Structures are given as structure tokens and as C-alpha cells.
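Notes follow the structure.
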Amino acid sequence: VSGAPSRYTERVTSQRQILILLAHPTLERSRINRRLIDAVSDLKGVTVHDLYETYPALNINVRREQQMLLEHDVIVFQHPFYWYSTPAILKEWQDLVLEHGWAYGNNASALRGKITFNALTAAGTLDAYREGGANRYSIRQLIAPYELTARLCGMQFLAPFVVYGALAFSGPSEVVPYEKAYRSVLEGLRDNTLDVDAAARAKHLHGGPA
Ligand SMILES: Cc1cc2nc3c(=O)[nH]c(=O)nc-3n(C[C@H](O)[C@H](O)[C@H](O)COP(=O)(O)O)c2cc1C
């Protein structure tokens with residue numbers, strides 16, 4: 001997706017700053033998320049924030065998290081899909097950080113105009129995550145709480161970046177196309193060369209075999 005600037009991007013004159021909130025409780029055993037994060041962590045304008053590393057006891061520092069959000073324009077939630085949802089720390093993060101009067105309500109505007117999306121890996125296949133498939137719903141439908149939370153906070157919600165069939169990868173070389181795609185999505189958002197309105201309407205930012 002590329003092309004015309006949207007109403008969300010008109011005010012952008014310089015590069016967007018991107019914050020990746022990484023939530024993987026056992027990153028040392030990860031085969032996909034670790035490679036994805038390694039593929040983008042050197043990108044200029046990208047900050048990687050490993051939540052389980054920072055808060056192993058889930059004792060989230062709300063002010064620090066809010067400050068980080070203020071300093072970035074794009075907020076990425078990167079995580080494995082756990083029980084059709086996210087690992088627990090992201091729920092705790094939402095419950096504590098997205099305070100009433102700061103993130104939403106009472107004309108709160110801290111996050112207004114920012115862009116957000118989920119970058120996730122799932123064991124299930126694209127064919128399973130559809131109406132009539134084993135998992136009945138698409139990933140985009142299942143992450144509706146993220147979409148509605150973003151909307152309540154005045155953020156623009158983009159389609160998810162999904163790696164399906166994450167347990168069926170035979171080796172690291174199979175992950176490479178996803179590493180490249182993730183990098184190019186982040187570069188496109190950073191440099192404002194990706195059409196965010198089209199990305200908001202899409203089913204995926206990237207999904208299925210590249
Ligand atoms: C506790 C737990 C719950 C999981 N729930 C789901 C699920 O609901 N749907 C799914 O497709 N995969 C599920 N999985 C599989 C993970 O999504 C998969 O292991 C992960 O995406 C692989 O990424 P990684 O190599 O970075 O760990 C689950 C895995 C664990 C450990």
C-alpha cells in the first residue's frame with residue numbers, strides 16, 4: 001500500500017518515530033518474533049521496548065510508558081497470539097497505561113492522531129482464521145479490542161501484520177520474507193510512503209506466505 005497522504009499524515013513533516021512494544025514471555029525460545037525484532041531493531045526512528053524484559057513481575061511503570069508513547073507517532077504491539085489474544089503483560093499494560101483523562105475521556109488527547117497496529121505470529125493458518133475455518137474468525141476480527149481501544153483514544157488502527165502457521169516453519173530461511181516485509185512496513189510508516197488509509201482498510205499489512 002502506497003500513495004496519497006491521509007488526513008492523519010498531513011501534519012507529518014519529518015519522519016515518524018516508531019515504538020515497538022514487544023511482548024513475548026519466552027523470547028529466548030522464540031523462532032519467529034525474535035527474528036522479526038532483530039530484523040528491525042537497527043532501523044533509524046524505531047525504538048524497541050521489550051515489556052517482559054523490563055517488567056518481569058508485570059510491575060509496569062505507568063509514567064515511563066506514557067512518556068514513551070508521547071515521544072512516538074506509531075505504536076506497534078508485537079506479540080505471539082496466545083489464546084486468540086495477547087500475552088498477559090499487554091492486557092496489564094493497557095489497563096494501567098491507558099488512563100482515563102490521559103488516553104481517553106474528558107477531552108484527553110495524548111494519543112490522538114497516532115497510528116497503531118498489531119504485529120503478531122500465530123500457530124493457526126490463514127485458512128483456519130476465517131469464517132467457516134477451524135478458528136471461525138479472522139485475526140482482524142479477533143483483535144477487535146485493540147481496534148476499539150485505538151478508536152477510543154483517537155488513534156488510527158491499521159490492519160495487522162500477521163505471520164500465520166508459525167509452528168510449521170522448517171527453518172530460519174522461511175522467516176526471511178517476513179523479516180523483509182516487516183522492515184519495509186516500518187520504513188514506509190516512518191518515511192510516510194505507506195498509504196495509511198489503505199492500510200487501515202486492508203485485511204492485512206502483510207499476511208500469509210510472502
Ligand atoms: C500459551 C499459548 C497460547 C497460544 N495460543 C494460540 C492461539 O490462540 N492461536 C494460535 O494460532 N496460536 C497460539 N499459540 C501458538 C503461538 O502463537 C506460537 O507458538 C507463536 O506465535 C510462535 O512464535 P515464536 O516463535 O516467536 O514464539 C499459543 C502458544 C502458547 C504458548
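One residue alone among Glu187, Glu179 is away from the ligand (no atom under 16 Å from the Cβ) and at pLDDT 95 or above, and that residue is Glu187. Of all the residues in region 147-173, those that are in contact with a Leu (Cβ under 9 Å, 6 or more places away or on another chain) and not hydrophobic (A, V, I, L, M, F, W, C) number 5. Taken over region 160-184, the residue count meeting the criterion of being of a type in the set (A, V, I, L, M) and over 19 Å from Leu205 (Cα atoms) is 2. When Gln78 is tested against (1) closer than 15 Å to Cys153 by Cβ; (2) buried (at least 16 other Cβ atoms within 10 Å of the Cβ); (3) touching a helix residue (DSSP H, G or I) at 6+ places or on another chain (Cβ under 9 Å), only condition (1) is not met.
Scan region 152-170 for residues that are in a loop (DSSP other than H, G, I, E, B), within 12 Å of the ligand (Cβ to nearest atom) and either among the hydrophobic types (A, V, I, L, M, F, W, C) or more than 20 Å from Gly133 (Cβ to Cβ) (or both) and report the count. Residues flagged as in a loop (DSSP other than H, G, I, E, B), within 12 Å of the ligand (Cβ to nearest atom) and either among the hydrophobic types (A, V, I, L, M, F, W, C) or more than 20 Å from Gly133 (Cβ to Cβ) (or both) within region 152-170 amount to 4.
Of the residues making up region 171-183, those that are assigned to a helix (DSSP H, G or I) and surrounded by 14 or more Cβ atoms within 10 Å (Cβ to Cβ) are Glu174, Tyr178, Glu179, Ala181, Tyr182, Arg183. Name the single residue that is nearest to the ligand (Cβ to nearest atom) among those in region 15-47 being in a strand (DSSP E or B) and in contact (Cβ under 8 Å) with a residue 40 or more places away in the chain. That would be Leu22.
The values are calculated or read from the model by the stated rules, or taken from the named source; none is laboratory data. These numbers come from a predicted model, not from an experiment. Note: ideal-geometry Cβ built from the backbone for every residue, glycine included; neighbour counts use all protein chains shown.
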